[in-house]
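Right, one structure below, let's go through it.
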Amino acid sequence: MPDFTPRVFSGIQPSGGLTLGNYLGAITKFVDWQAKGTHETIFCMVDLHAITVPQEPATLRRNTRELCAGFLAAGIDPERSILIAQSQVPEHAQLAWIFNCVARMGWMGRMTQWKDKSGKNAEAASLGLFAYPALMAADILVYHATHVPVGEDQKQHIELTRDIAAKFNHDYGVDFFPMTEPVIEGAATRVMSLRDGTKKMSKSDPVDASRINLTDDADTIARKLRKAKTDPDPLPGDPTGLSERPDARNLVNIYAALSDSDPATVLAEHEGRMFGHFKQDLADLAVARLAPISTEMARLMDEPAEIDRILARGAERAREITVPILERTYEIVGMVR
């Protein structure tokens, strides 16, 4: 295989309401990759993915800007990284069509998220929802991205991306697309609900107290964490003591991620304490870390023209990468250029 430029790509859907789960599970990882300086970094608001289910246009537009504000407030520097809205870089959708013709129906039908989101009435789901993973593969491979920071729930899609790349390379006798590596790391890779430690924290949960929103003010953050579900037992001295305690494990993982530590260290420092005291410490930590982000997001949302300018510049920079890759793809496939 040829040497590919070390390049990181990842994205989040602008479906509204950035949560602590998005921040700890994704955005902090993006900031870490940017800080390393070892890879080119590209981060995306995947608005084309968002419309695989019905969206109200004005709300989608606002959510896209809010997500961009969240990236910026959390530390993504649009000069050091490329920050884009997916729909502003048309090569994503153009390469996705090529990949729709490479991927197999059986591959798509086995995707766990397709089964979960389509439910019992799959025939009423959109074709876009079914083909979602081919667009995700295009998002990644249109940059020849070598690494993708993802949560555990997206690992299957990265494996499919590798399958599509491998089949394309094999079918056309080329070594053109890289075998992208998923990167899953950190104590809070999967942040769970504050009301049920067995369920993922979700912006779609009807119970607002189940999550921390990045737009929550300091008082709301503290109140939600003080009321988070726990159990009556004290904190153990090591993580094995949390194996059958999902609510307790979730709060320890959140504390570890917010303090740039690990669960073992957190438990060594808090062994034997009851959760009433621990949750207050966690609330103080979360407010110190998240309240400045909430404040900066609010400031940015008052200046939508500045957000739009940043995204337009990001699209220009992105297309310097994507246009040559798509052109070469078309040549390989046999399109007249």
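The values are calculated or read from the model by the stated rules, or taken from the named source; none is laboratory data. Predicted model, so just to flag it, every value in this text is computed and none were measured. Glycine also receives a Cβ, built like all others from the backbone with ideal geometry; neighbour counts cover every protein chain displayed.
Being surrounded by 14 or more Cβ atoms within 10 Å (Cβ to Cβ) and small (Gly, Ala, Ser) is the requirement here; does residue 243 meet it? For residue 243, the condition - surrounded by 14 or more Cβ atoms within 10 Å (Cβ to Cβ) and small (Gly, Ala, Ser) - is not met. The sole residue among 238, 217, 231, 196 that is in the same structural domain as residue 278 (by TED's automatic domain parsing), farther than 18 Å from residue 266 by Cβ and touching a residue at least 12 places away in the same chain (Cβ under 8 Å) is 217.
Which residue is modelled with the highest pLDDT, if the candidates are limited to region 8-28 and must be farther than 16 Å from residue 72 by Cβ and in a helix (DSSP H, G or I)? Within region 8-28, the match that is modelled with the highest pLDDT is 20. Counting only residues that are in contact with a helix residue (DSSP H, G or I) (Cβ under 9 Å, 6 or more places away or on another chain) and either crowded, with 20+ Cβ neighbours inside 10 Å or in contact (Cβ under 8 Å) with a residue 24 or more places away in the chain (or both), region 272-282 holds 7 of them. Summed over region 10-34, the residues that are small (Gly, Ala, Ser) and surrounded by fewer than 21 Cβ atoms within 10 Å (Cβ to Cβ) give a count of 3.
Within region 199-258, the set of residues being in a helix (DSSP H, G or I), farther than 28 Å from residue 300 by Cα and not small (Gly, Ala, Ser) comprises 226, 239, 240, 242, 246, 247, 249, 250, 251, 252, 253. Would you pick out the residues in region 35-59 that are surrounded by 18 or more Cβ atoms within 10 Å (Cβ to Cβ) and of a type outside the set (Val, Ile, Thr)? Hits for region 35-59 are 40, 43, 44, 45, 47, 48, 49, 50.
Checking each residue in region 278-302 for being hydrophobic (A, V, I, L, M, F, W, C) and out of contact with any Phe, Trp or Tyr (no Cβ under 9 Å at 6 or more places or on another chain) picks out 283, 287, 288, 291, 297, 298, 300, 301.
Each row is one residue, and each column tells you yes or no for (1) small (Gly, Ala, Ser); (2) surrounded by fewer than 16 Cβ atoms within 10 Å (Cβ to Cβ); (3) under 28 Å from residue 19 (Cβ atoms).
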position	(1), (2), (3)
66	no, no, yes
72	no, no, yes
77	no, yes, yes
96	yes, no, yes
106	yes, yes, no
120	no, yes, yes
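When residue 177 is tested against the conditions (1) part of a loop (DSSP other than H, G, I, E, B); (2) in contact with a Lys or Arg (Cβ under 8 Å, 6 or more places away or on another chain); (3) among the hydrophobic types (A, V, I, L, M, F, W, C), the lone failure is (2).
Scan region 271-290 for residues that are part of a helix (DSSP H, G or I) and more than 16 Å from residue 247 (Cα to Cα) and jot them down. Matches in region 271-290: 281, 284, 285, 286, 287, 288, 289, 290.
Among helices (runs of 4 or more DSSP H) entirely within region 85-135, having at least 3 residues that are modelled with pLDDT under 95 singles out 105-109, 112-118.
Please determine whether any residue of region 248-261 is more than 23 Å from the chain's Cα centre (by Cα) and not assigned by TED's automatic domain parsing to the domain that holds residue 21. So far as region 248-261 goes, yes, one or more of its residues are more than 23 Å from the chain's Cα centre (by Cα) and not assigned by TED's automatic domain parsing to the domain that holds residue 21. Checked against (1) assigned by TED's automatic domain parsing to the domain that holds residue 43; (2) at pLDDT below 95, residue 316 passes all but a single condition, namely (2). The residues on offer are 38, 59, 5, and the sole one that is within 30 Å of residue 176 (Cβ to Cβ) and without any contact (Cβ under 8 Å) to a residue 60 or more places away in the chain is 38.
The condition of being within 16 Å of residue 320 (Cα to Cα) and in a strand (DSSP E or B) holds for only one of 41, 5, that being 41.
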